[in-house]
1. Determine which member of the set Gly67, Gly63, Gly47, Gly53 is within 17 Å of Leu21 (Cα to Cα) and small (Gly, Ala, Ser).
2. Find all pairs meeting these conditions: Cβ atoms under 9 angstrom apart; at least six residues apart or on different chains; first residue within region 101-120 and over 14 Å from Ala85 (Cβ atoms) and in contact (Cβ under 8 Å) with a residue 40 or more places away in the chain; second residue open to solvent by 70 Å² or more (accessible area, probe 1.4 Å) and not polar (S, T, N, Q).
3. Just give me the residues in region 50-64 being among the hydrophobic types (A, V, I, L, M, F, W, C) and at pLDDT 85 or above, in sequence order.
4. Name the pairs: first residue in region 36-59 and touching a residue at least 24 places away in the same chain (Cβ under 8 Å) and among the polar types (S, T, N, Q), second residue outside any loop (DSSP other than H, G, I, E, B) and open to solvent by less than 40 Å² (accessible area, probe 1.4 Å), Cβ to Cβ under 7 Å, at least 6 apart or on different chains?
5. In this structure, is Val34 modelled with pLDDT under 90, of a type in the set (A, V, I, L, M, F, W, C) and either within 26 Å of Pro66 (Cα to Cα) or open to solvent by 30 Å² or more (accessible area, probe 1.4 Å) (or both)?
Amino acid sequence: RELAYLAIDIDDDTAPNGIGLSPDGKRVYIAETVTSRVWCHDVVAPGKIAPSGNIWTPGDILGPLPGYQLLDSLAVDSTGNVCVATLIRGGITIFAPDGSRTTHVAVPDLATTNICFGGVDLRDAYILQQAQVVFTARGGR
């Protein structure tokens, strides 16, 4: 496998946290903690993203979420959904890749900090809460 480097210029005030790549490698997603936004950028070549279509935003936005929530780690599932650990509300917020809908999967602890996918077919979600893997779920297609 080839390892590619992707440089994205991000303002330090935005508190970027999680990052993930779409299954086809054509979009990169970045979770922004404090604003509860997920930014997405088109990948146009290895290590290169397309410039934003306007001067006010660095890319397209999935979110923000209503109320006070913070976004942490991010993972993209096998179908392209963007799954983000969500602090304060406690759980995983799932963004459709085009931003058309969000779903929240609640877990018992408000300090949900990380998610990754594993298993033979990468459909097992491992969710970290306060430094302990406390929840696993099977998803995707």
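The values are calculated or read from the model by the stated rules, or taken from the named source; none is laboratory data. Quick caveat, the model's predicted, so the values are computed rather than measured. All Cβ positions, glycine included, derive from the backbone under ideal geometry; neighbour counts span all protein chains shown. Quick note on the areas: whole protein, heavy atoms, side chains included, nothing else; ligands and nucleic acids left out. Shrake-Rupley method; radii C 1.70, N 1.55, O 1.52, S 1.80 Å.
1. Numbers: Gly67 fails: within 17 Å of Leu21 (Cα to Cα); Gly63 fails: within 17 Å of Leu21 (Cα to Cα); Gly53 fails: within 17 Å of Leu21 (Cα to Cα).
Just a single option satisfies the conditions, and that option is Gly47.
2. Nothing qualifies.
3. Step one: of region 50-64, the residues among the hydrophobic types (A, V, I, L, M, F, W, C) are 50, 55-56, 61-62.
Listed by number, the residues that qualify are Ala50, Ile61, Leu62.
4. As it stands, the answer is Ser36/Leu70; Ser36/Leu71, since those pairs meet every condition given.
5. Details: modelled with pLDDT under 90: yes; of a type in the set (A, V, I, L, M, F, W, C): yes; either within 26 Å of Pro66 (Cα to Cα) or open to solvent by 30 Å² or more (accessible area, probe 1.4 Å) (or both): yes.
Yes, satisfied.
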